[in-house]
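The values are calculated or read from the model by the stated rules, or taken from the named source; none is laboratory data. Values in this document were obtained by computation on a predicted structure and should not be read as measured data. Methodologically, a virtual Cβ is constructed for each residue, glycine included, from the backbone with ideal geometry; neighbour enumeration extends over all protein chains shown. SASA here: full protein model, heavy atoms, side chains in, ligands and nucleic acids out. Shrake-Rupley method; radii C 1.70, N 1.55, O 1.52, S 1.80 Å.
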Amino acid sequence: MQRAESSTADDAFSADLLRGHTDTIVLATLRRGDRYGFEIYKTIRDATGGAHEIKEATLYATYRRLTKDGLVEAYWGDESQGGRRKYYRITDAGRAVFRSNVAAWVATRDVVDSLLSTGTSTGTSTDKDTPR
């Protein structure tokens, strides 16, 4: 029972960490090409093997915010492949924000790794200190 509670706590912690990076995750997806809303959702879900899904409501709020901020452009696709879909494309400003966000993430990750002594073999933690 202890492990199940820990797993739920770990999942919540992971979700909280990822939640702050939704914009960057969407921008990363759009760097590979224009996509419609639900396609972005599926791409994110599939990239993690289903381990992480962003709620559709969260994604659509993200699309609106990124569009309002000029980081993505929205346009309507044609109806030749079924229903009419709204597509999103990353702008030059979106690419710049993506690069900046990734640099900030890498710097943050490096600091956390140093503080947890997981990034290098020079840390002082022992096997019994390392969570499994």
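Observations on the model:
- Residues of the stretch 58-119: accessible area per residue with a 1.4 Å probe, Å²: 67 Å²
- Selection of GluC sites (Glu not before Pro), the stretch 49-89, meeting DSSP coil and at most 16 other Cβ within 10 Å: Glu53, Glu79
- With coordinates expressed along the principal axes, the C-alpha atoms belonging to the stretch 16-77 extend over 30, 23, 20 Å, beginning with the largest.
- Environment charge at Tyr88 (Cβ cut-off 11 Å; Lys +1, Arg +1, Asp -1, Glu -1): +2
- Coarse-grained scattering of the stretch 48-102 at q = 0.13, 0.20, 0.28 Å⁻¹, given as base-10 log I(q)/I(0) from a Debye sum over alpha-carbon atoms: -0.44, -0.89, -1.05
- Added length on full extension, which subtracts the Cα-Cα distance from 0.36 nm per residue, Ala51 to Asp78: 6.5 nm
- Estimated at 0.36 nm per residue, the fully extended path between Leu18 and Ala104 surpasses their Cα-Cα distance by 29.6 nm.
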